[in-house]
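One structure is given below, encoded as structure tokens.
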Amino acid sequence: MIRLFSFGSMLSATAGLVLASTVSFGAWQAQAQDACTPHAVDLGDGKSVAAGCKPLKIAFLIAATNNTHLQAQIRGAQEAAKEIGATLDVFDPNWSPTTQFNQAQNIISGGQYNAILAEMNDGNQACTIMTDKAREAGVLVAVTNQPLCNRGTKEGDELWAPGTLNFVGGSQGRTAFRDWIMSIAQENPGPQKVAIVTGPDLNSNTINTDLALKDVQAKYPEFKVVAVVRTDYSVVQGNQKTLPLFQANPDLSIFISNYSDMTRGAVQAARQVGSLSKLKVYDSGGNDWAFKAVAAGQITSTRTIEPYTETYLAVKQLGDAWEGKPVARFTPTKSIKIDAETVKSNEPQY
């Protein structure tokens, strides 16, 4: 767990004057809170959470912390929390839906937090606890990247689950992945032997990639996907799990990865077996490594996503709701294609 501590918690009342001031401030704060009338934050379907009287304390239920995308999400959430005067603690389940669900239960029942930033590994399993149990305990939930309640394949406002404040993301939805992979098939007419690497099974980005592949293959039957590899999104597994794939399929023509750290590991593996020069490599993620790989001609293109923006905006919206300001149910993030022509005129977000 990564924790942000407020400056006030580090002060030590070592002198009588300091102690007296602390007691006086504490009494004033208690009186101010007693006099405060909380406002209701609308969560849809007639549901609401009372907010506004106590300091905002956020628990960030992140999917994991083992790659640059996730680390960018942490930075975005931390910097937004600092700007709005909130505290934020990060809970790392290391991709385990069960561990994360237990973390959520402890956070909600513990009473130490009044808000959650949720990026759930299994959005269906977490549906009730995030939309009902958290609300019943007075905890306001913002959702990013991974939709809840069987909404992972939806679009627009339907990505938002009633009972929560909002959803921020969408650049890794079903339509986004379908359009991306469809464009790859269009760029490469005729028979193609294709392999793809994704993240864990229950991840909505994985589900949407699988659905996109079915759509593309139905329209372009010569675009044959011969292997789909699951990983934990790391460079290490991107290398380890694609090395035997490249060895067994020396005639692969296209390799697709839906996250840049996996792509990096796969490029290393393809180079090890001598097949990189024969492959067209398409990446989704658009991190610093991917930009450099495009510029160096190691991969054909990358597609940007905005991990920092996702969590930064979600936390800022928690702050707005806490102050009684309106918040959009769905806030989309952006994606652009980076290839040899556009790489010099754009910058990676992470």
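The values are calculated or read from the model by the stated rules, or taken from the named source; none is laboratory data. Please read these numbers as outputs of a predicted model, since none were measured by experiment. Note that each Cβ is placed from the backbone with ideal geometry, even for glycine, and that neighbours are counted across all protein chains shown.
Of note:
- The stretch 88-120, residues that are of a type outside the set (Asp, Glu) and either in a strand (DSSP E or B) or not assigned by TED's automatic domain parsing to the domain that holds VAL141 (or both): LEU88, VAL90, PHE91, ALA115, ILE116, LEU117, ALA118
- Residue check, ALA295 without any contact (Cβ under 8 Å) to a residue 40 or more places away in the chain and among the hydrophobic types (A, V, I, L, M, F, W, C): no
- Residues in the stretch 277-293 that are modelled with pLDDT of 95 or more, surrounded by fewer than 24 Cβ atoms within 10 Å (Cβ to Cβ) and either under 22 Å from the mean Cα position of the chain (by Cα) or farther than 23 Å from ASN208 by Cα (or both): LEU279, ASP288, TRP289, PHE291, LYS292, ALA293.
- Flag for ASP261 being of a type outside the set (Val, Ile, Thr) and assigned to a strand (DSSP E or B): no
- For the stretch 147-167, a residue qualifies if it is closer than 24 Å to GLN112 by Cα and either among the acidic types (Asp, Glu) or in contact (Cβ under 8 Å) with a residue 60 or more places away in the chain (or both), and the qualifying residues are PRO162, GLY163, THR164, LEU165, ASN166, PHE167.
- When the stretch 148-170 is limited to residues that are touching a Lys or Arg at 6+ places or on another chain (Cβ under 7 Å) and of a type in the set (A, V, I, L, M), the one that is surrounded by the fewest Cβ atoms within 10 Å (Cβ to Cβ) turns out to be LEU159.
- Flag for ALA63 being touching a Phe, Trp or Tyr at 6+ places or on another chain (Cβ under 6 Å) and at pLDDT 95 or above: no
- The residues on offer are ALA290, ALA328, and the sole one that is of a type in the set (Gly, Ala, Ser), part of a helix (DSSP H, G or I) and under 19 Å from GLY76 (Cβ atoms) is ALA290.
- Taking the stretch 136-155 as the range and being of a type in the set (Gly, Ala, Ser) and over 18 Å from PRO307 (Cα atoms) as the test, the residues that pass are ALA137, GLY138.
- For the residues PRO244, PRO221, the requirement of being surrounded by fewer than 16 Cβ atoms within 10 Å (Cβ to Cβ) and assigned to a loop (DSSP other than H, G, I, E, B) singles out PRO221.
- Of the residues making up the stretch 309-346, those that are closer than 22 Å to LEU43 by Cα and of a type in the set (S, T, N, Q) are THR311, GLN317, THR331, THR333.
- You will find that of GLN349, GLN298, GLN272, the residue that is surrounded by fewer than 23 Cβ atoms within 10 Å (Cβ to Cβ) and either of a type in the set (Lys, Arg) or assigned to a helix (DSSP H, G or I) (or both) is GLN272 and no other.
- Residue list for the stretch 165-193, filter: assigned to a loop (DSSP other than H, G, I, E, B) and among the aliphatic types (A, V, I, L, M): LEU165
- Every residue from the stretch 55-77 that is surrounded by fewer than 19 Cβ atoms within 10 Å (Cβ to Cβ) and part of a helix (DSSP H, G or I): GLN71, ARG75
- Taken over the stretch 151-164, the criterion of being part of a loop (DSSP other than H, G, I, E, B) and at pLDDT 95 or above is satisfied by ARG151, TRP160, ALA161, GLY163.
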